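Report on the following structure.
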Amino acid sequence: MKNVFFVPEESRWSFIMQNAKQNDIALKIDTALNTIEKQNPSLKGALPDNYYSRLGIDVSKLAALLDEINNIQTNADKENLSSNGTAGFLLANGALSGEGQELEIRKQLIENNLVEAIVILPRNLFYTTDISVTLWILNKNKKSRTVEQNGKIKNYRNREDEVLFMDLRQMGSPFEKKYIELTQEDRDKVTTTFHSWQQAGANETYKDIPEFCYSANKKEIVEKGYNLVPSRYIEFVNRDETQDYDSAMKALQSELTDLLKQEEESKKELLGVFKDLGYEIKL
């Protein structure tokens, strides 16, 4: 049957989760992908080859990642049944501005008031790719309502004609040499901003911040052709225009003066050493 792929038992998600805590789980994932390719010739070359085994990820970390993915999928399945469902999706940045079918999908999402927030993430945040990707937060109910969550009352304001754009690419700290991780401070800033924007009283608790966040209305998005690239909305500071040229040159002058003095002192010391050794250098 066309466009239908056979997935053998050892390649199914249920099998992977059953073995998530095994020491050879990376090998099992690679084997699962390889088996799918062998069973479905049309997928030849489309799936990673021995990728997870070569990464050398600690077993406990890989198991924790699988658990988290499983929880996200389980929650997403539950949310799909709810009229108040919220879900998050990681997509390549190209989906923010692509034409054709991608444009039509964005248009439908915006016109149906389903997009809650667009969050662009830093590069090198994931083990599997070094590119920056985007978190799309979709919400089926952006209307004003009061709900109880985790024992707390939350008063959501009407956000049907609004989308929050956030850019996190200047956040994060080095992690395991070549990766970036969002610190607890980063995560607190993001979540506080997001929840403040969602809830009643946002006029006092939320504000647009250059190079970080911007609340756009539907009219703005339509005028920009349903383009959802955050930089089309978030204000970015042109530091070349705000820099005091005279002050910058004086600072550079001072730094170079100190550097040249240090170089002169080093040269004198070096010449003195050679002179003491009986190999005087005359310039």
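The values are calculated or read from the model by the stated rules, or taken from the named source; none is laboratory data. Keep in mind that this is a model prediction, so the values were computed, not measured. Glycine gets a Cβ as well: all are built from the backbone with ideal geometry, and neighbour counts include every protein chain shown. Side chains are part of the model used for accessible areas, which takes the heavy atoms of the whole protein and leaves out ligands, DNA and RNA. Shrake-Rupley method; radii C 1.70, N 1.55, O 1.52, S 1.80 Å.
How much of the calculated P(r) for the chain lies past 36 Å, in percent of all Cα pairs? Value for the chain (Cα pairs over 36 Å): 39 percent.
Helical content of the chain, expressed as a calculated mean residue ellipticity at 222 nm, amounts to -13000 deg cm²/dmol (DSSP H runs of 4 or more residues, -39,500 (n - 2.57) each, divided by residue number, nearest 500).
Computed over the chain, relative contact order equals 12 percent, with contacts defined as Cα pairs under 8 Å that lie 6+ residues apart.
The accessible surface of the chain, taken with every protein chain in place and a 1.4 Å probe, is 52 percent carbon and sulfur.
The heavy atoms of Phe89 present about 100 square angstrom of accessible area, all protein chains included, probe 1.4 Å. If you average the C-alpha positions of the stretch 144-221 and of the stretch 18-40 separately, how far apart do those two centres end up, in angstrom? With the stretch 144-221 and the stretch 18-40 each reduced to a Cα centre, they are spaced 37 Å. Note that the stretch 87-143 presents 49 Å² accessible area per residue, ligands and nucleic acids not counted, probe 1.4 Å.
Accessible area, 1.4 Å probe, largest first: how do Met166, Met249, Met171 sort?
Working: Met166 0, Met249 90, Met171 25 Å².
So, going from the largest accessible area down, we get Met249, Met171, Met166.
Provide the convex hull volume over Cα atoms per residue for the stretch 187-226, in Å³.
91 Å³
If you take all other residues with their beta carbon under 12 Å from the beta carbon of Asp258, and give Lys and Arg +1 and Asp and Glu -1, the sum is -3.
How much accessible area per residue does the stretch 150-283 have, in Å², with a 1.4 Å probe?
Details: 9790 Å² over 134 residues.
Value for the stretch 150-283: 73 Å² per residue.
Using only the C-alpha atoms, the convex hull of the stretch 150-283 corresponds to 262 Å³ per residue.
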